[in-house]
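First up is the structure itself, then whatever we jot down about it.
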Amino acid sequence: MRIFFFIQGEGRGHQTQAIALHDILVRAGHEVTGAIVGTTPGRGVPAMLSRHFRFPLTALPSPALQYSHRDKGLAVSKTFFRNARFIPRFWSQGAEADRIIAEHRPDLIINFYEMLCGIWQWRYRRPVPVLSVAHQFLLEHHAFSIRHTTGHFHRMALDNVSRLASVGTTLRLALSFYELPDDGTIRVVPPLLRPELKDLAVCDEGFLLAYMTHYKLGGDLENWCRRHPDVRVEAFWDHPGHRNQYRPLSNLVFHPVDATAFLDAMRRCRGLVSTSGFESISEAMYLGKPVMLFPTPRHFEQEVNALDAVHAGAGIRAESFEDLDLFLDYLPRYKSVREQFRKWYNQGEARWLKLIAEVTR
């Protein structure tokens with residue numbers, strides 16, 4: 001079967017999902033012929049994807065989140081107005097996407113939460129089936145028990161993004177930390193994690209691992225490390241000014257985002273500190289590593305991720321890197337959920353292939 005991807009290029013989460021599902025598809029004898037990667041205007045294909053994939057990757061400008069310079073939080077108004085300037089450009093990308101897809105003649109399209117796929121379907125409504133993949137779809141599941149009571153405007157914005165990303169979708173596949181029943185066109189599936197996780201030898205070298213979805217959060221981590229010179233921290237970020245390793249302090253080093261290096265650090269760390277990215281939490285749960293999660297301010301999706309992860313037994317919630325003292329106090333009390341998480345995760349490959357067969361019959 002010929003399959004084509006749409007991939008959201010912001011952050012490592014959707015990229016990780018695409019890499020993991022690609023490996024499942026190849027093992028099953030399918031071919032991924034190409035991908036459109038939605039990127040911030042002016043940026044190219046992320047290195048993480050270009051290193052892994054050998055099929056053609058086309059970067060097209062796509063709506064992107066904007067962050068506050070003041071508190072590093074999600075700037076909803078800034079996001080709206082900046083992207084509004086580019087609406088004609090984004091709309092025109094639908095035609096370019098249609099041209100590329102026509103060249104590849106796919107039997108199936110899989111969309112990793114990229115809004116350009118929805119724009120393309122909105123404009124052309126081609127008959128090829130589309131599977132849309134994202135943990136964000138879990139928020140629309142009737143049995144999802146985490147209900148955050150604040151940030152209603154941000155929830156509305158996220159719902160609109162999810163609707164646009166899934167225009168013309170055959171099925172929505174909701175990634176989850178745990179099993180839930182089907183709900184209409186929503187199918188709940190285990191996280192998509194890279195298969196090399198299974199081969200990692202887990203140990204504890206005593207350092208804390210940090211991952212941030214936006215490099216502007218690095219200042220808070222540096223401040224805490226300066227006050228705690230006895231605690232070693234290794235961090236990963238996507239900083240436009242630091243494409244190589246950066247060591248501002250003797251006990252703190254920042255690495256550029258690299259999938260292999262990040263997993264190697266996770267298998268060796270004492271615990272993970274993160275801004276509530278779904279994939280990082282899932283990887284930590286698989287490896288039995290405790291997590292401290294602090295959502296990006298005004299980022300509804302990350303707030304729900306953090307609450308859901310705590311509900312699943314992954315770790316604790318915090319407000320920022322400045323709360324790392326709480327994590328150090330929590331670590332001796334952590335009880336691993338590795339075995340129950342792995343049982344759920346191991347059902348994944350069979351479920352994915354069954355769903356793909358279902359929509360392409």
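The values are calculated or read from the model by the stated rules, or taken from the named source; none is laboratory data. Keep in mind the model is a prediction, meaning the values are calculated, not measured. For neighbour counting, all protein chains shown are included, and Cβ atoms are generated from backbone atoms with ideal geometry for every residue, glycine included.
A few remarks follow.
- Test: residue in the range 55-63 that is under 15 Å from A165 (Cα atoms), of a type in the set (S, T, Y), at pLDDT 90 or above and crowded, with 16+ Cβ neighbours inside 10 Å: no
- Residues of the range 138-166 that turn out to be more than 20 Å from the chain's Cα centre (by Cα), crowded, with 16+ Cβ neighbours inside 10 Å and at pLDDT 85 or above, as a count: 0
- Residues of the range 281-315 that are under 14 Å from the mean Cα position of the chain (by Cα), of a type in the set (D, E, K, R) and within 20 Å of F262 (Cα to Cα): E283 alone.
- For I87, the requirement of being at pLDDT 95 or above and either in contact with a strand residue (DSSP E or B) (Cβ under 7 Å, 6 or more places away or on another chain) or surrounded by fewer than 16 Cβ atoms within 10 Å (Cβ to Cβ) (or both) is not met.
- Hits in the range 268-299 (condition: basic (K, R) and surrounded by 20 or more Cβ atoms within 10 Å (Cβ to Cβ)): K289
- Check on R187, buried (at least 17 other Cβ atoms within 10 Å of the Cβ), out of contact with any Ser or Thr (no Cβ under 9 Å at 6 or more places or on another chain) and part of a strand (DSSP E or B): yes
- Residue check for R99: assigned to a helix (DSSP H, G or I) and over 19 Å from A59 (Cα atoms): no
- Every residue from the range 215-233 that is buried (at least 21 other Cβ atoms within 10 Å of the Cβ) and either out of contact with any Phe, Trp or Tyr (no Cβ under 8 Å at 6 or more places or on another chain) or not hydrophobic (A, V, I, L, M, F, W, C) (or both): G218, C225
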